[in-house]
Structure formats: structure tokens, C-alpha cells
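Heads up, the thing below is written out as C-alpha cells.
The values are calculated or read from the model by the stated rules, or taken from the named source; none is laboratory data. Keep in mind the model is a prediction, meaning the values are calculated, not measured. Glycine gets a Cβ as well: all are built from the backbone with ideal geometry, and neighbour counts include every protein chain shown. Please note that ligands, DNA and RNA were not included when accessible areas were found on the heavy atoms of the full protein model with its side chains. Shrake-Rupley method; radii C 1.70, N 1.55, O 1.52, S 1.80 Å.
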Amino acid sequence: MYVCVCRAVTENEVHDCIAAGARSAKQIRDTTGAGGDCATCVRKICAILKRSEELTTA
């Protein structure tokens, strides 16, 4: 599923960034471009980051 329609960034690409060490929406934007245009996807990216954090600390 697309997280960022403007840049055609998928949820899997965001997960790959997190697995590679990204810990913020800015880091994901710098890698994928997601959130660099209309920024509508930033909230979704933050939710994915939060869920990832919760899974790693549980």
C-alpha cells in the first residue's frame, strides 16, 4: 500500500528504512522523498515509526 502518493513510496519502503536505522520522519523523507511534497503522509509515517518502536521495546 502507498504511504506517499506524491512520491509513490510504499509501506514496505518505509519499513525498509526503519530496518536500516531510520528513527524519524525526516530520515525517511531524506531517503525516500516521502513527505517532501504535500506532507499529508507524514502522520502515517509517524504512526508506522511509533508502531515499530513499540514492537522493538516490547
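Place a +1 charge on the Cβ of each Lys and Arg in the chain and a -1 charge on the Cβ of each Asp and Glu, then give the dipole magnitude about the Cα centre in debye, rounded to the nearest 20.
Values: 8 positive and 7 negative charges, 39 e Å.
That gives the chain a dipole magnitude of about 180 debye.
Along its three principal axes, how long is the chain when you only count alpha carbons? Whole Å, largest extent first please.
Extents along the principal axes, in whole Å: 33, 18, 17.
Rounded to whole Hz and in sequence order, give me ³J(HN,Hα) for the stretch 47-53 from the Karplus expression 6.51 cos²θ - 1.76 cosθ + 1.60, θ = phi - 60°, writing x for Gly and Pro.
Computed from phi, the couplings for the stretch 47-53 are 5, 5, 4, 5, 4, 5, 4 Hz.
Once you've got the GNM for the chain with C-alpha springs shorter than 10 Å, pick whichever of C17, C46, C38 has the biggest mean-square fluctuation.
Taking springs between Cα atoms under 10 Å, the residue moving most is C38.
With each run of n ≥ 4 DSSP H residues scored as -39500 (n - 2.57), what mean residue ellipticity at 222 nm is computed for the chain after dividing by its residue count and rounding to the nearest 500 deg cm²/dmol?
The helix contribution divided over the chain gives -17000 deg cm²/dmol.
How large, in percent, is the carbon and sulfur part of the accessible surface of the chain at a probe radius of 1.4 Å?
Here it works out to 52 percent.
List the residues, sorted by chain then number, that are 5 or more residues from V3 or on another chain and whose placed amide H is less than 5 Å from its amide H.
Residues meeting the amide H criterion: V9, T10, E11.
Quote the accessible area belonging to R7 in square angstrom, nearest 10, computed with a 1.4 Å probe and with ligands, DNA and RNA left uncounted.
Using a 1.4 Å probe on the heavy atoms, I get roughly 110 Å².
Before I look further, what does the chain give for accessible area per residue, probe 1.4 Å, in whole square angstrom?
About 68 Å² of surface per residue is accessible.
Every cysteine in the chain with no other Cys Cβ under 4.7 Å from its Cβ, please list them in numeric order.
C6, C17, C38, C46
Say the dipole of the chain comes from +1 at the beta carbon of Lys and Arg and -1 at that of Asp and Glu; which of L49, V9, G21 then lies farthest toward its positive end?
Of the listed residues, the answer is L49.
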